Amino acid sequence: MIIEIEKLQLYYGEFQALKNVDLSIPERSVTAFIGPSGCGKSTLLRTLNRMNDSIPGVRIEGTVSIQGRDIYASDTEVEFLRKRVGMVFQQPNPFPKSIYDNVAYGPRLHGRTKKAELDELVEKSLRSASLWEEVKDVLKKSAWSLSGGQQQRLCIARALAVEPDILLMDESTSALDPISTTKIEELTRELCKQYTIVMVTHNMHQAARISDRTVFFLNGEVVEAADTQTLFSSPVDQRTEDYISGRFG
C-alpha cells in the first residue's frame, strides 16, 4: 500500500470533519471516494498533500503515511510533498500563460531550466494527458484559448510535469460536458498504469466505471471500503446499500 491512514481525526475549529479514519490505498490503481455532500471525502483528499494546512483553525490527529513516511511529521518538506502528490481541481484552473509555460511552470520551479529538457518534458506530459496532438502547433497560445475539457487535460499535464507518484482528482469532471468527461475517464484508466490516483466523485456511475477500489463516506467516517465491483454489487453495510440504491444522498 502506498498510502496508509491511521486513526485520522480532523477538526475545523470545534467541528469534527473526519472521525477516526483508517484506510489503505494501493499503488498504481484508481481509488474513488463517494458519499453525500459534506461527508468528508474532499477533506480527506486534501489531507494527502496537506492542502488543509492553510485553513485557519484546522487541527489534525493521527497519521497519514506515504511510502512509510508520516507526511505530518515536523521534518516534512511540504513543497516536496506536493511535488510527489499532484492535484487536479473541480474547475480547470490554467495559469494566464501559454500552453507551454503552464506545463513547464512546475519543472522550472524545481530547478529544471534547460530548454531541450523542458521541451521534452512538456511534450511527454501533454502526450500523457492525451493533449499533445491537439496543441502541438499552438504551444505559444494562451491556455485560456482552450476548451474546458482541454483546459482540464492541460491541468493534468501540468501536474504530471513534476513527475509525481500520486495524482489527486477532486471532482475533476463535474464542470465538463459528457464528451470531455469520457476523455478524462479514459485518460484516468491509462494513467493508473503509472500513477496512484485518488479521486472524489459525486457520480457513482463514474466510480463504478473507472475505479479499482471505492470508499464510501458518511458524516466524516469511512463506512465501507472494498474493491469497486464488490462494493456496488454486494455491500456489507446497510448504509452503503441505501446510498448506492438512491435511498438518500
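Nothing in this text is a laboratory measurement; each read-out follows from the coordinates by a stated rule. A quick note: this is a predicted structure, and the numbers were derived from the prediction, not measured. Cβ coordinates were reconstructed from backbone atoms using ideal geometry, including for glycine residues, and neighbour counts include every protein chain displayed.
See the values below:
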{"item": "Qualifying strands (runs of 3 or more DSSP E) (wholly inside the range 155-249; at least 2 residues being in contact (Cβ under 8 Å) with a residue 12 or more places away in the chain and surrounded by fewer than 19 Cβ atoms within 10 Å (Cβ to Cβ))", "result": "221-227"}
{"item": "Residue that is surrounded by the fewest Cβ atoms within 10 Å (Cβ to Cβ) [pool: residues in the range 106-119 that are among the aliphatic types (A, V, I, L, M) and under 23 Å from residue 142 (Cβ atoms)]", "result": "109"}
{"item": "Filtered residues of the range 14-41 (kept if surrounded by 16 or more Cβ atoms within 10 Å (Cβ to Cβ) and either under 21 Å from residue 187 (Cβ atoms) or among the acidic types (Asp, Glu) (or both))", "result": "25, 29, 30, 31, 32, 33, 34"}
{"item": "Qualifying positions in the range 101-125 - under 28 Å from residue 77 (Cβ atoms) and aliphatic (A, V, I, L, M)", "result": "103, 104, 109, 118, 121, 122"}
{"item": "The listed residue being of a type in the set (Val, Ile, Thr) and exposed (fewer than 15 other Cβ atoms within 10 Å of the Cβ), out of 103, 122, 88, 138", "result": "138"}
{"item": "Cross-chain or 6+ apart pairs with Cβ under 7 Å, the range 66-79 first and free of Cβ contacts under 8 Å to residues at least 24 places away in the same chain, then surrounded by 13 or more Cβ atoms within 10 Å (Cβ to Cβ) and charged (D, E, K, R)", "result": "71/50"}
